[in-house]
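Input: a single structure, listed below in structure tokens.
Values quoted throughout were computed directly from the atomic coordinates according to the rules given, and no laboratory measurement underlies them. Predicted model, so just to flag it, every value in this text is computed and none were measured. Note that we place each Cβ from the backbone using ideal geometry, even for glycine, and neighbour counts take in every protein chain shown.
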2 protein chains.
Amino acid sequence: MKFEVTILGSSSATPIFNRNPTAQVLNINEKLYLVDCAEGTQQQMLRFDVKASRIDYIFISHLHGDHYLGLVGLLSSMHLNGRKKELKIFGPPPLKEIVDLQLKYSETTLHYPLEWVFTDATAKGIIFENQDIFVETIPLDHRIPCTGFLFRQKRRLRKLIKEKIEQLEIPVAYYSAIKKGNDYTAPDGNVYQNSTLTIEPAEPKSYAYVSDTLYTEKYLAQINSVTLLYHEATFLNDMLDRANQTHHTTALQAGEVAVRVNAEKLLIGHFSARYKTLNELLEEAQSVFPNTELAVEGKTFVISE
Amino acid sequence: MKFEVTILGSSSATPIFNRNPTAQVLNINEKLYLVDCAEGTQQQMLRFDVKASRIDYIFISHLHGDHYLGLVGLLSSMHLNGRKKELKIFGPPPLKEIVDLQLKYSETTLHYPLEWVFTDATAKGIIFENQDIFVETIPLDHRIPCTGFLFRQKRRLRKLIKEKIEQLEIPVAYYSAIKKGNDYTAPDGNVYQNSTLTIEPAEPKSYAYVSDTLYTEKYLAQINSVTLLYHEATFLNDMLDRANQTHHTTALQAGEVAVRVNAEKLLIGHFSARYKTLNELLEEAQSVFPNTELAVEGKTFVISE
């Protein structure tokens, strides 16, 4: 099952010439999930060929402008481009008030249903589930209410051993039960143990989106053993005081989080505009967690094939 | 006196790959005036080297997103970049409500004073004046309250004829009175007529920003004899019905407006995303008003040297 993330913006509060503020799009089994939607996200989607019409879910972490100011423009373009199907937005309750006010004064009545799911930054919770995944909020510690999002694949059914199934000429009608772990009783009365007919499915993969936050203990347990961890890394560690003061994380701390939660891989992003090049941030995170990459615009990272 | 406009966005409602929605910046005697501020205006300013710190005045025509959704991001970046000096915003009254709501939920208290001047789309009025210019609102006919803006240079003082002044050895203390049109009485009692000492200053130049509107009579008199007319031209004339229905103008109509008001030059912009190339729009406007150019991103048009 395809499970990958494409970065649309890597900048923190202010944009710089070649970096946009935060937005990412997940493709999970050919469904698109937008995570944060900073100003310019529409243009980034055009640039990287992400079709807005394919997005059915938008997750907004918090109400600092660099994470949501592109939302109203995107909703409006979807409307003008003829969208009819429902769009679901997950975010802090006041986001609806902000969107409604702007639609009111532009005298826009969207031609498609907008469904709201409000996040609660005080306690983690599953806010979405479909056949492929669960999405949980990750309560973070920022200056205003803020949640990250944990996308977890569901455990898949056991995989049939094709040769064995063919050899025993097992009828298709039995496949579903066998995939669920049942043994198979043949017409001659022989019982075949499930373990001889199937193999374990791949371990469920996961993606944690952690932005923006102070580096604290509180979200570590929840993202333990995550496959791919995106963690903000606004500053180098020589600006730790500033990071603490603004409730952000340094690249070194992001690396430490990845070590402590035993992530497979780390992406860092949300870089301060003061860094014209990003090598130092990458090297600092890699000094504690070597399997780190920069979450830069247009790059796609595969979580599972 | 420098008087020029740089185009930051030429697209209507939805952005397309190489076109941003509407924003323009005027440089009038080295002061910068931003006119509309669509999503992505900050990025466009970075691209075309327009310093946000130099902008002291922002004019918003109306509350369709493609004309103002970049405002909150720009205000926030000015704040984060240490702005202290006042910023004045001219626009429809609900714009303040929209900005205030977003600042409230991001818990942002701007470090600089924001002064608001509300526009009234029902009657024209002078909303700004300094030593260089007057700015008038142009009431337009759009689906929601909308004003254009007319920037008019003030009439300048008469210009001294340098050789004559030097020949008569006129003391500097008299210059100001002579520039205002006074005659000069020399120490010997001789009176020199002002017309022998000065020449007429250049005629005041003007820039009319007309977006978005149905093509009607109502704003024509006000922009008569304008130097540079920017007029929206959302559609080709084969989509006149659609233009009427959405309260927009066609390229042909924009050309007709330029003819009727006797403009020196016409810029057309606010192009529908359906037009991947713009030649047809240009040719259509030029068919009635030859001195037309496309108001495309990054181009600067000189109104006066």
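Over all alpha-carbon pairs in chain B, figure out the percentage whose distance exceeds 28 Å.
43
Most exposed first by the Cβ proxy, i.e. fewest other Cβ within 10 Å, how do B:Asp132, B:Asp183 rank?
Listing B:Asp132, B:Asp183 from fewest to most nearby Cβ atoms yields B:Asp183, B:Asp132.
Note the distances from B:Glu97 to each other copy's matching label point, with points 7 Å along the Cα-to-beta-carbon direction, in nm, sorted shortest first.
Relative to the other copies, B:Glu97 has label-point distances of 1.3 nm.
Which whole-angstrom value gives the distance between the alpha carbon centres of segment B:1-64 and segment A:287-302?
Rounded to whole Å, the Cα centres lie 34 Å apart.
Would you mind getting me the FRET efficiency between A:Leu101 and A:Lys180? Use the beta-carbon distance for r and R0 = 60 Å, nearest 0.05.
That gives a FRET efficiency of 0.75.
Under the definition of partner shielding as Cβ atoms of other protein chains within 10 Å of a residue Cβ, what is the mean value for peptide A:11-19?
So the per-residue partner count for this stretch is 4.
Can you pick out the pairs among A:Lys85/B:Lys276; A:Lys31/B:Lys104; A:Lys104/B:Lys88; B:Lys154/B:Lys276; B:Lys2/B:Lys124; B:Lys96/B:Lys159 whose Cα atoms lie more than 32 Å from each other?
A:Lys31/B:Lys104; B:Lys154/B:Lys276; B:Lys96/B:Lys159
How big is the dipole moment of segment A:181-268 about its Cα centre under a simple scheme where the beta carbon of each Lys and Arg is +1, that of each Asp and Glu is -1, and everything else is neutral? Debye, nearest 20, please.
200
Where a ≥ b ≥ c are the square roots of the eigenvalues of the C-alpha gyration tensor, would you call segment B:99-255 rounded, which needs a/c under 1.5, or, failing that, prolate if a/b is larger than b/c, or oblate?
oblate
Kirkwood hydrodynamic radius of the protein assembly as shown from all distinct Cα pairs, in Å?
27.3
Which FRET efficiency value, to the nearest 0.05, do you get for B:Asn29 and A:Ser53 by plugging their Cβ-Cβ distance into 1/(1 + (r/R0)^6) with R0 = 51 Å?
In this case the efficiency is close to 0.65.
Please work out the C-alpha center-to-center distance from segment A:74-95 to segment B:205-240 and express it in whole Å.
Distance between centres, Cα-based: 33 Å.
Note down the net charge around B:Thr122, summing +1 for each Lys or Arg and -1 for each Asp or Glu among other residues with Cβ under 12 Å from its Cβ.
Cβ neighbours under 12 Å give a net charge of 0.
Could you line up A:Glu129, B:Glu4 from fewest to most neighbouring Cβ atoms inside 10 Å?
A:Glu129, B:Glu4
For B:His111, what is the net charge nearby, where nearby means another residue's Cβ is under 12 Å from its Cβ and Lys, Arg count +1, Asp, Glu -1?
+2
Roughly how big is chain B's charge dipole about its Cα centre, with Cβ charges of +1 (Lys, Arg) and -1 (Asp, Glu), in debye to the nearest 20?
580
Suppose you put the label 7 Å out from Cα in the Cβ direction; list, shortest first and in nm with one decimal, how far A:Arg274 is from each other copy's label.
5.0
Taking every eigenvalue of the Cα gyration tensor of segment B:88-180, multiplying by 5 and rooting it, what semi-axes result, largest first, whole Å?
One finds semi-axes of 44, 20, 8 Å for segment B:88-180.
Please give the FRET efficiency for B:Asp188 paired with B:Gln131, using the beta carbon to beta carbon distance and R0 = 45 Å, rounded to the nearest 0.05.
Taking R0 as 45 Å, the efficiency between B:Asp188 and B:Gln131 is 0.80.
Put the label 7 Å from Cα along Cα→Cβ for B:Gln193; what are its distances to the other copies, in nanometres, shortest first?
Listed shortest first, these distances are 12.1 nm.
If each residue's Cβ is checked for other Cβ atoms within 10 Å, how do A:Tyr207, B:Tyr174 rank with the fewest at the top?
B:Tyr174, A:Tyr207
Starting from the Cα gyration tensor of segment A:1-158, take the square roots of the eigenvalues, sort them a ≥ b ≥ c, and report rounded, prolate or oblate (rounded when a/c is under 1.5, otherwise prolate if a/b is larger than b/c, else oblate).
rounded
With all pairs of different alpha carbon atoms counted, what Kirkwood hydrodynamic radius in Å does segment B:159-199 show?
Across segment B:159-199, the inverse of the average 1/r is 9.9 Å.
Net charge around A:Tyr175, counting only other residues with Cβ within less than 15 Å of its Cβ (Lys, Arg = +1; Asp, Glu = -1)?
Net charge around A:Tyr175: +3.
Rounded to the nearest 20 debye, what is the charge dipole size of the protein assembly as shown about its Cα centre when +1 sits on each Lys and Arg Cβ and -1 on each Asp and Glu Cβ?
So the dipole magnitude of the protein assembly as shown works out to roughly 120 debye.
Take B:Lys84 and A:Asn18, extend 7 Å from each Cα along the Cα→Cβ direction, and tell me the distance between the two endpoints in nm.
If labels sit at B:Lys84 and A:Asn18, their model points lie 3.4 nm apart.
Counting only other chains, and only Cβ atoms inside 10 Å, what mean value do you get across the residues of B:65-77?
Counting other chains' Cβ atoms within 10 Å and averaging over B:65-77 gives 6.
Taking trypsin sites (Lys or Arg not before Pro) that fall in a DSSP loop and have at most 11 other Cβ atoms within 10 Å as cut points, what is the longest piece of chain B between them?
Maximal segment without exposed cleavage sites: B:181-275.
Of the options A:Leu214, B:Leu168, B:Phe90, report the single residue whose Cα projects farthest towards the positive end of the charge dipole of the protein assembly as shown (beta-carbon charges: Lys, Arg +1; Asp, Glu -1).
After comparing all options, I get B:Phe90.
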